[in-house]
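Accompanying notes for the structure given below.
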Amino acid sequence: MSVSKRLQVLVPEFRPGTVLPGKWRGHSYRIMRLVGRGANGTVYQVLRDRDVVAIKIGENAAAIALEYERMRELTASLGTAGIIPELYDLDDVEHGGEVYPMLAMEFIKGVSPEEFIDIRGREWIPLCLTKLLRRLETLHAKGYAFCDLKSANLLFDPDTAEPRLIDFGGLTPIGQAVREFTELYDRAWWGRGTRKADSHYDMFACALLGLQLLTPISPTDLERLRTRRPADRNAFLSRRCVSEIKDGQLQTILNKALSGQYREPAEFRMELAALWVNDREENRGNMGGPLKMTSGSVGVRKRARRKWDMTDWGLLVAVAVFVVTMGTLLWFGSL
Amino acid sequence: MWDGVTLQQLLLITDGCSNAGTDPVYVAQTGRSKGVTTSVIGILDDGALGEQGRREAENIAEAGGGMCRIIRIADLSRTMQMVTQQTMQLTLQQVVNKELRNLVGQEANALPPETRTKVAKFVETVTEEADVQIGLVVDVSASMTTKMTSVREAVRDLELGLAARTGSHRLIVITYPGLHGEDAVVHRLEGAQVADAIGAMRAAGNTPTGPALETAIRALLESRDHRLATREDRADDGGEGLMKHYVG
């Protein structure tokens, strides 16, 4: 049957410079680079006529169409408002005699959550989670859960600390089964609830992201947990929350969210926000208030944390040589 | 016609090639004509899959109207979810496509994108609400021994995913070869315990994939007949039973 074959057609990787003509809209897309792979397809940064946009090319036309439709409906009721990437086209592109379904959307710039925390420091984790939760709550109010929340589906603006969700392939109406998830962030995998889409499902993933930013679970541990029962994974997570995290207050809050002690995400968010404010007041003397921090001061922090490289060592050696030479000359002079 | 749709599929998990009994490709074909879709997951890690096994896996899936994925054991859980989900969609999409061909002379993928989204949304809703019966056919021959804990947890995980759906589900585990020389064993465990059917089995001997698939198809059809019988007893769904129960 044609359909079963079509699902099996693997989409080739397109090289930079390849031009993919659209079939229905009259646009063509010039590949700039591969951005990443999601469950529904591969994302590229492309030139659409003269604009830089992102396209997602998949092998399953229905999945791409559905992702587009869900995003379109949400945009219609929310506006773009920085929550959903701006949508351009749902189209098919042609290459080498094959037709691949794709959707074109806003290309979002930013850094990964890990990079963001690396630049700004761990004290920013509560703020990042607060901002993220606020966005998720907006989706929940419209009857959807994001579901596949994970580090790879999130970018932060390095200057404003605004988070952007980038892959809406997992977006699911609340009450239905979660379709796309990643074990590490999945409540059911950890033996801590069902795999039904609801606001708590997203809250769990959000708390786990916080945990990962504090102290990531090692790949070896994850590998080992894969062959264990959910009850064992649950116990592992409990032990970890008690023993590994050193940041007392944040630990308590994350632990509460992971064990379902908040009635709603907003409650989790308020406690995180309170933590952030306290933290800021304590540190006001030496940090000048993180909220007002500009990109310039980020640079200062970054330099302060930078590791020594070859140039630094070179300079040190040069100074040492200079001092020794001058010393020797002086010594000769005094003879 | 879309209320109470029952989808039946087999998912074969193997790391080798069949070497005894009926040709599994033929069995998959037969199953398909009875409305049972067959998909295959081939596992790469230190198994005997090879080029031959890979080709057989693809042929079984092709004949069975399902999907084929060749993966590493670490990806098993994710792949099982994906394959069952997409096979359901695929089966429904085929029915919809048949209708579309009759109505407008085109399949969904050839429709303009805006129309396609409507079809996709419809298929998605039915996928969530359909009743589904899945037979997991698990190769437990010697080379699979080290992978059994992973398989067991992947099955448990699949059950969690199915339990979250609106529609009902039934998961049957069929392991092969049997411990006492039989071709395959049907395990009668239900719900969260279904994964425990996959224990520390040390099966030796042949890899009778074809006969195992036959056993699995029979087990699925029995439970369908059972369902039909109970439905008829209740006599609550008029005369359009055929379409409902033989989708695909």
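If the condition is being facing chain B (nearest Cβ under 9 Å) and either crowded, with 24+ Cβ neighbours inside 10 Å or part of a helix (DSSP H, G or I) (or both), then the stretch A:190-216 contributes only A:197.
For (1) under 18 Å from residue A:148 (Cα atoms); (2) not small (Gly, Ala, Ser), each residue gets a yes or a no:
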{"residue": "A:36", "(1), (2)": "yes, no"}
{"residue": "A:41", "(1), (2)": "yes, no"}
{"residue": "A:47", "(1), (2)": "no, yes"}
{"residue": "A:61", "(1), (2)": "no, no"}
{"residue": "A:64", "(1), (2)": "yes, yes"}
{"residue": "A:70", "(1), (2)": "yes, yes"}
{"residue": "A:77", "(1), (2)": "no, no"}
{"residue": "A:82", "(1), (2)": "no, no"}
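Out of curiosity, is residue A:252 β-branched (Val, Ile, Thr) and either closer than 19 Å to residue A:269 by Cα or out of contact with any helix residue (DSSP H, G or I) (no Cβ under 6 Å at 6 or more places or on another chain) (or both)? Against the criterion (β-branched (Val, Ile, Thr) and either closer than 19 Å to residue A:269 by Cα or out of contact with any helix residue (DSSP H, G or I) (no Cβ under 6 Å at 6 or more places or on another chain) (or both)), residue A:252 qualifies.
Table: residues versus (1) within 9 Å of chain A (Cβ to nearest Cβ); (2) under 30 Å from residue A:224 (Cβ atoms); (3) under 20 Å from the mean Cα position of the chain (by Cα); (4) not hydrophobic (A, V, I, L, M, F, W, C).
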{"site": "B:82", "(1), (2), (3), (4)": "yes, yes, yes, no"}
{"site": "B:94", "(1), (2), (3), (4)": "yes, no, yes, yes"}
{"site": "B:100", "(1), (2), (3), (4)": "no, no, no, no"}
{"site": "B:106", "(1), (2), (3), (4)": "no, no, no, yes"}
{"site": "B:111", "(1), (2), (3), (4)": "no, no, no, no"}
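Within the group B:127, B:166, which residue is within 14 Å of chain A (Cβ to nearest Cβ), more than 26 Å from residue B:211 (Cβ to Cβ), without any contact (Cβ under 8 Å) to a residue 60 or more places away in the chain and not in a helix (DSSP H, G or I)? Among B:127, B:166, only B:166 is within 14 Å of chain A (Cβ to nearest Cβ), more than 26 Å from residue B:211 (Cβ to Cβ), without any contact (Cβ under 8 Å) to a residue 60 or more places away in the chain and not in a helix (DSSP H, G or I).
Comparison of A:43, A:35, A:93, A:53 shows that the only residue that is more than 30 Å from residue A:134 (Cα to Cα) and β-branched (Val, Ile, Thr) is A:93. Can you report the number of residues in the stretch A:149-189 which are among the aliphatic types (A, V, I, L, M) and either in a helix (DSSP H, G or I) or within 16 Å of residue A:213 (Cα to Cα) (or both)? Total meeting the criteria: 6. If only residues of the stretch B:138-159 that are under 17 Å from the mean Cα position of the chain (by Cα) and within 14 Å of chain A (Cβ to nearest Cβ) are counted, the one that is surrounded by the fewest Cβ atoms within 10 Å (Cβ to Cβ) is B:159.
With the condition kept exactly as written, say whether any residue in the stretch A:54-69 is within 18 Å of residue A:18 (Cα to Cα) and touching a His at 6+ places or on another chain (Cβ under 7 Å). Among the residues of the stretch A:54-69, not one is within 18 Å of residue A:18 (Cα to Cα) and touching a His at 6+ places or on another chain (Cβ under 7 Å), which makes the answer no. Here residue B:135 meets each of (1) buried (at least 21 other Cβ atoms within 10 Å of the Cβ); (2) among the small types (Gly, Ala, Ser); (3) in a helix (DSSP H, G or I) with one exception, condition (3). Considering the stretch A:1-114, the qualifying strands (runs of 3 or more DSSP E), each wholly inside and each with 2 or more residues that are among the charged types (D, E, K, R), run over A:28-37, A:51-57, A:87-95, A:98-106.
Among the residues of the stretch A:121-159, the ones that are among the small types (Gly, Ala, Ser) and either within 14 Å of residue A:84 (Cα to Cα) or not assigned by TED's automatic domain parsing to the domain that holds residue A:265 (or both) come to 1 in all. For the stretch B:56-68, filtered to residues that are more than 14 Å from residue B:9 (Cβ to Cβ) and crowded, with 22+ Cβ neighbours inside 10 Å, the residue that is nearest to the other protein chains (Cβ to nearest Cβ) is B:57. Inspect all residues belonging to the stretch A:106-122 and state whether any of them is within 14 Å of chain B (Cβ to nearest Cβ), over 19 Å from residue B:122 (Cα atoms) and not charged (D, E, K, R). Scanning the stretch A:106-122, I find no residue that is within 14 Å of chain B (Cβ to nearest Cβ), over 19 Å from residue B:122 (Cα atoms) and not charged (D, E, K, R), so the answer is no.
The values are calculated or read from the model by the stated rules, or taken from the named source; none is laboratory data. Model, not experiment: these values are computed from the prediction. With ideal geometry, Cβ positions are generated from the backbone for all residues, glycine too; neighbour counts draw on all protein chains shown.
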